[in-house]
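As structure tokens, the structure follows; a few thoughts come after it.
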Amino acid sequence: MNTTMYDRLLRLPLFQGLSRRDLTDILEKIKVEFKSYKKKEIIVNQGTPCMELIYILSGEVKSSTTDSSQNFRLSEVLGSNTILEPHSLFGMNTFYRSSYQAAENVDIVVIKKGYILSYLCKYEIFNLNFLNILSNRAQIMQDKLLNTHIGSIQEKIVNFLVLRCSQLTGCKELFITMEDFANLIDETRINVSKTLNALQEEGLISLSRKCIRIPDLNALYTKTNGSQKQETSI
């Protein structure tokens, strides 16, 4: 393995703090897979078992989450240096919550769950890194839940999106009828429609049939809340 690849692996959140000697020892014991996907190729489908950690080395990935019980589908673009659902690797529900598709040419690293259990967990630094990632996500989700269904109609719309997106950056698309959206945030259809059209006039969103497109959720959040929220994505 060349020096550049070693350096790229050492920069991964799970490996940060490991020495090159530790990494060499790890790579002698486990198989780290490097894969490439072309634009629109499926990386993983929603509902399939999560049996590996997938890290986006380069390129952008489009996630798509379908909630059949609440009649909506949410998609967002995730950049490089993202781990796909590390929280789905363990627990009561070890299935992917979303589907992931290459938005452009993408390079990824895959580490199978078996290698994590049999070898990587022996390294304290790896365990701490993994726990920090999961703890960070839990804390972010707790902060998001505190704002659910609170405030003006615009705030409710933004909170709905923030709660369900993994990060503020990147383009988001919500596929939903106006009636269903109004019911989910406990507002009237006409008031939700007026608020969304006002946001469209400000250039913060664009509306089409059964679709709300948000080019920059962070800009919408900042405008609604008055100050920038600092959030670490996973």
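The values are calculated or read from the model by the stated rules, or taken from the named source; none is laboratory data. Predicted, not measured: the structure shown is a model, and the values here were computed from it. Cβ sites come from the backbone with ideal geometry, for glycine too, and all protein chains shown count toward neighbours. To get the accessible areas, we keep the full protein, side chains included, count just its heavy atoms, and leave off ligands, DNA and RNA. Shrake-Rupley method; radii C 1.70, N 1.55, O 1.52, S 1.80 Å.
Within the bounds of the stretch 68-90, is there any residue that is over 15 Å from the mean Cα position of the chain (by Cα) and among the β-branched types (V, I, T)?
No, there is no match, as no residue in the stretch 68-90 is over 15 Å from the mean Cα position of the chain (by Cα) and among the β-branched types (V, I, T).
So I234 passes all but one of these: (1) part of a loop (DSSP other than H, G, I, E, B); (2) at pLDDT 90 or above. Which condition number does it fail?
Of (1) part of a loop (DSSP other than H, G, I, E, B); (2) at pLDDT 90 or above, only one is false for I234: (2).
Going through the stretch 76-103 one residue at a time, which ones are among the aromatic types (F, W, Y) and either part of a strand (DSSP E or B) or open to solvent by 10 Å² or more (accessible area, probe 1.4 Å) (or both)? Let's see the steps before the verdict.
Quick first cut of the stretch 76-103, residues among the aromatic types (F, W, Y) only: 90, 95-96, 100.
Selection gives F90, F95, Y100.
Just for the stretch 128-163: of the residues that are more than 30 Å from C211 (Cβ to Cβ) and open to solvent by less than 50 Å² (accessible area, probe 1.4 Å), which one is farthest from the chain's Cα centre (by Cα)?
Taking the candidates together, the pick is N129.
Go through the residues of the stretch 44-62 one by one and say whether even a single one is farther than 27 Å from F160 by Cβ, touching an Asp or Glu at 6+ places or on another chain (Cβ under 6 Å), open to solvent by less than 50 Å² (accessible area, probe 1.4 Å) and not hydroxyl-bearing (S, T, Y).
yes
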